[in-house]
1. Filter region 93-150 down to the residues that are under 25 Å from Glu166 (Cα atoms), of a type in the set (Ser, Thr, Tyr) and assigned to a helix (DSSP H, G or I) and list them by number.
2. Could you count how many residues in region 207-227 are in contact with a His (Cβ under 9 Å, 6 or more places away or on another chain) and touching a residue at least 12 places away in the same chain (Cβ under 8 Å)?
3. Scan region 136-147 and give yes if some residue there is within 14 Å of Tyr232 (Cα to Cα), at pLDDT 95 or above and aromatic (Phe, Trp, Tyr), otherwise no.
4. Can you tell me which of Ala241, Ala202 is assigned by TED's automatic domain parsing to the domain that holds Glu104, closer than 30 Å to Gln133 by Cα and out of contact with any Gly (no Cβ under 8 Å at 6 or more places or on another chain)?
5. Report yes if Phe164 is of a type in the set (Phe, Trp, Tyr) and assigned to a helix (DSSP H, G or I), otherwise no.
6. Against the condition part of a loop (DSSP other than H, G, I, E, B) and either modelled with pLDDT of 95 or more or not acidic (Asp, Glu) (or both), how does Gln186 come out, does it pass?
7. Taking region 233-251, which residues are more than 19 Å from the chain's Cα centre (by Cα) and assigned to a helix (DSSP H, G or I)?
8. Please go through region 147-205 and give me each residue that is more than 21 Å from Ala117 (Cα to Cα), among the small types (Gly, Ala, Ser) and surrounded by 20 or more Cβ atoms within 10 Å (Cβ to Cβ), ordered by number.
Amino acid sequence: MITRYLVQRGNPHELVPNPPLESRRLRPGTLLSEPRLTQVAQGRPWVRKLIPIQEGRHLVFQLFPRLSATVCLLFVVGAASAACAQTQNQAPSAARSRSAETLELWNMIGNKLIAMAQDFPEDKYDFKIQKDQRTFAENLLHAAAFEYLMARKLSGSKNLGPDFGEGDNPSREKFKTKADVVQFVQGAVAAGAKVIQEQGDAGLDKTTSWGKQMVHHSYVWTFAVEHSAEHYGQLVGYYRANNLVPPDSRH
């Protein structure tokens, strides 16, 4: 078995190669056989100690200088500065397609809502801070229903997703369990993502009616993301009111 040893100098500030051994100088990193180790280790005041660091088949030893704390700090700072300079000098990567950026934002907030739906205790699903607010579950159902409605509107498919009644406030009678709510939120996020991917950048340039005006599909997707973010913020308050930490805040 190979046993590697670090041969450290007694003087931590000495960085020059090791003293000569049998008419030649040994440099850090030199592998020494067992006989040479005996020559190095015995009667050499500059050898501090031997430390085993690895196993293998044959007995060999590695010469390694001991560096001072100051030298190590300078090395770390220098390496960090070089890495930072290299990063700054690199040209930024090309912008992705607009649909790819929209998809990222859609999935980002959608996944946060999914994580909350999966994480929040089911026995607190009907909790609300004030009596005139939606419960935790109702907030999730509302946010997901709105996402479904926007996906239906921009895809032109009125049958996208399950039947959750009129409007964007599904009844808890249709989604009685935590599993039902989680599945509904997951489905809404997936449905919207699929429409964004299928329509691509060209889809973002299409227009649709929005109240008394026409807007681009990109506007509707942005509005939907912002709407979900509002309800995410409300649900954070529900977490804190129960002395719980939201999943995204644990990272």
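The values are calculated or read from the model by the stated rules, or taken from the named source; none is laboratory data. Because the structure is predicted, anything quoted here is derived from the model rather than measured. Backbone-built Cβ (ideal geometry, glycine too); neighbour counts: all protein chains shown.
1. Tyr148
2. First, the residues of region 207-227 that are in contact with a His (Cβ under 9 Å, 6 or more places away or on another chain): 207-208.
In the following step, the residues that additionally are touching a residue at least 12 places away in the same chain (Cβ under 8 Å) were identified as 208.
Qualifying residue count for the region: 1.
3. Scanning region 136-147, I find at least one residue that is within 14 Å of Tyr232 (Cα to Cα), at pLDDT 95 or above and aromatic (Phe, Trp, Tyr), so the answer is yes.
4. Values: Ala202 fails: closer than 30 Å to Gln133 by Cα.
Answer to the selection: Ala241.
5. No.
6. Values: part of a loop (DSSP other than H, G, I, E, B): no; either modelled with pLDDT of 95 or more or not acidic (Asp, Glu) (or both): yes.
Answer is no for this residue.
7. In the first step, residues of region 233-251 are kept if they are more than 19 Å from the chain's Cα centre (by Cα); the result is 233-244.
Across region 233-251, the qualifying residues are Gly233, Gln234, Leu235, Val236, Gly237, Tyr238, Tyr239, Arg240, Ala241.
8. Passing the criteria: only Gly203.
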